[in-house]
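*Asks:* Let me begin by handing over the structure; questions about it come next.
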Amino acid sequence: MEISAVKWKNAHAPRRVLAIRLQAMGDLVITLPYLQQLRNSLPPHAKLDLLTREEVGAIPRDLILFNKVYIIRGGRNTKKQMLYTAGLIPRLLMRRYEVVIDLQDNIISRMVRKCLLPRAWASFDRLSPIAAGDRTRQTIEAIGLGECVPVTSFKLIPRTEGEKLLLDNGWEKKNKLVILNPAGAFETRNWEISRYVQFAGLWLKLFPDTQFLILGTDFIHSKAIYIQDQLGKHCINLVSKTRPEQAFSIMQKAHFVLSEDSGLMHMAWVSGIPTLAIFGSTQSEKARPLGDRSGFVDSADLECGACMLEHCKYGDTHCLTRYSPEMIFERSIFLLKDQRSSAFTVAE
């Protein structure tokens, strides 16, 4: 893969860097471990700023990572976004950025980069078949500032409301948290909801000091209610009770995450939390979690795999129904053993 870039040629490190990532929440959080590494490699006096959309700006504003987070308003209307961006350009010009890292590569990000006339820049390859995290790493490395190894430990602005939400909704602090996230966008990405309950039953036999946490929006409300009804006191339901930055903060307390393809899955692995992702029709080579603390099951071995269809053309969603709770449980335990997590002691 060849990244479009102009390398940094000065002997000293750049003092003012702008990163651009505009959508969506999952895509944005994937960039964070790599931008954290860049932040760590820059001198303390250097400025690292971010340009993003209002819809996904809450999490980066809650991190002690960026000096400034610039927000493009206008919702999902491209014309409105363009107008608002045009109004931002003078403010961005005043920052005199030496490097622009375009992790979006769309009409807006290209306009910003060309207007700012940086000494060095690199642009994300949107069409590459490799994982988004690897593409982010390669884009940053193309600037010429050295290797970009993702950092999965973030400093968040201190908040107390996340822990209070957990406690108010039944968390016993001595118990470990396991997140269940049945949030795939459509049926070919949805593992049967009853199987999450069966998985939880297997988990509790081995780790009885566990409570299962469900986060997200109204999109998974009915699924969350079902799991809560089945698991009782072992389930904490925070669906529709958190803002994105609160969910991200709460997630830092989790010890394991079982998730379908969603933004929350990306929040988990970029945070260094042991994460097992369940992919159905998704092209997992692009969306898979990275790092030795994550794993996934997918449909790539099937002739019809990674079809990206909303409804299975065979009517049985075989790519997902073939994964039993026992199989997913075994994969989860293997992942915990393999990365020697201190969160759980797994008997040999």
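*Asks:* Please enumerate the residues belonging to region 208-245 that are closer than 25 Å to GLY57 by Cα, β-branched (Val, Ile, Thr) and either assigned to a helix (DSSP H, G or I) or open to solvent by less than 60 Å² (accessible area, probe 1.4 Å) (or both).
*Replies:* ILE214, ILE220, VAL239, THR242
*Asks:* Here is a further query. In this structure, is ARG110 charged (D, E, K, R), open to solvent by 50 Å² or more (accessible area, probe 1.4 Å), over 21 Å from the mean Cα position of the chain (by Cα) and over 27 Å from GLY291 (Cα atoms)?
*Replies:* Considered against the rule, which asks whether it is charged (D, E, K, R), open to solvent by 50 Å² or more (accessible area, probe 1.4 Å), over 21 Å from the mean Cα position of the chain (by Cα) and over 27 Å from GLY291 (Cα atoms), ARG110 comes out as yes.
*Asks:* Please go through region 136-173 and give me each residue that is part of a helix (DSSP H, G or I), among the aliphatic types (A, V, I, L, M) and surrounded by 14 or more Cβ atoms within 10 Å (Cβ to Cβ), ordered by number.
*Replies:* Within region 136-173, ILE140, LEU165, LEU166 meet the criteria.
*Asks:* Mind listing whichever residues of region 262-310 are open to solvent by 60 Å² or more (accessible area, probe 1.4 Å) and more than 26 Å from LEU35 (Cα to Cα)?
*Replies:* Correct list: ALA300, ASP301, GLU303, MET308, LEU309, GLU310.
*Asks:* Then there's this: In region 119-135, what count of residues is obtained for those that are farther than 25 Å from SER262 by Cβ and surrounded by 21 or more Cβ atoms within 10 Å (Cβ to Cβ)?
*Replies:* Final tally of qualifying residues: 4.
*Asks:* Checking the structure you have, find out if any residue of region 36-43 is in contact with a strand residue (DSSP E or B) (Cβ under 8 Å, 6 or more places away or on another chain), open to solvent by less than 50 Å² (accessible area, probe 1.4 Å), of a type in the set (D, E, K, R) and at pLDDT 95 or above.
*Replies:* The answer is yes; a qualifying residue exists.
*Asks:* Could you go through region 246-260 and let me know if any residue there is buried (at least 21 other Cβ atoms within 10 Å of the Cβ) and in a loop (DSSP other than H, G, I, E, B).
*Replies:* Looking for residues that are buried (at least 21 other Cβ atoms within 10 Å of the Cβ) and in a loop (DSSP other than H, G, I, E, B), one finds none in region 246-260, hence no.
*Asks:* When region 25-65 is examined, which residues are found to be over 19 Å from THR136 (Cβ atoms) and either in a helix (DSSP H, G or I) or in contact with a Ser or Thr (Cβ under 9 Å, 6 or more places away or on another chain) (or both)?
*Replies:* Residues satisfying the conditions are GLU54, GLU55, ALA58, ARG61, ASP62.
*Asks:* Just give me the residues in region 95-138 being of a type in the set (Val, Ile, Thr) and more than 19 Å from ARG53 (Cβ to Cβ), in sequence order.
*Replies:* Across region 95-138, the qualifying residues are VAL99, ILE130.
*Asks:* Is it fair to say LYS205 is farther than 30 Å from GLY315 by Cβ, surrounded by fewer than 18 Cβ atoms within 10 Å (Cβ to Cβ), of a type outside the set (Asp, Glu) and touching a residue at least 60 places away in the same chain (Cβ under 8 Å)?
*Replies:* no
*Asks:* What are the residue pairs meeting all of these: first residue in region 95-122, first residue free of Cβ contacts under 8 Å to residues at least 24 places away in the same chain and under 18 Å from LYS79 (Cα atoms), second residue surrounded by fewer than 22 Cβ atoms within 10 Å (Cβ to Cβ) and of a type in the set (Gly, Ala, Ser), Cβ atoms under 9 Å, and 6 or more apart or on different chains?
*Replies:* Pairs found: ASP105/SER4; ASP105/SER123; ARG110/SER123.
*Asks:* Given the condition surrounded by 20 or more Cβ atoms within 10 Å (Cβ to Cβ) and closer than 12 Å to LEU18 by Cβ, answer yes or no: does some residue in region 90-98 qualify?
*Replies:* Yes, region 90-98 contains a residue that is surrounded by 20 or more Cβ atoms within 10 Å (Cβ to Cβ) and closer than 12 Å to LEU18 by Cβ.
*Asks:* Is one or more of the residues making up region 4-24 hydrophobic (A, V, I, L, M, F, W, C), open to solvent by less than 60 Å² (accessible area, probe 1.4 Å) and in a helix (DSSP H, G or I)?
*Replies:* Checked region 4-24: no residue is hydrophobic (A, V, I, L, M, F, W, C), open to solvent by less than 60 Å² (accessible area, probe 1.4 Å) and in a helix (DSSP H, G or I).
The values are calculated or read from the model by the stated rules, or taken from the named source; none is laboratory data. Quick caveat, the model's predicted, so the values are computed rather than measured. Methodologically, a virtual Cβ is constructed for each residue, glycine included, from the backbone with ideal geometry; neighbour enumeration extends over all protein chains shown. In case anyone asks, the SASA skips ligands and DNA or RNA and just uses the protein heavy atoms, side chains included. Shrake-Rupley method; radii C 1.70, N 1.55, O 1.52, S 1.80 Å.
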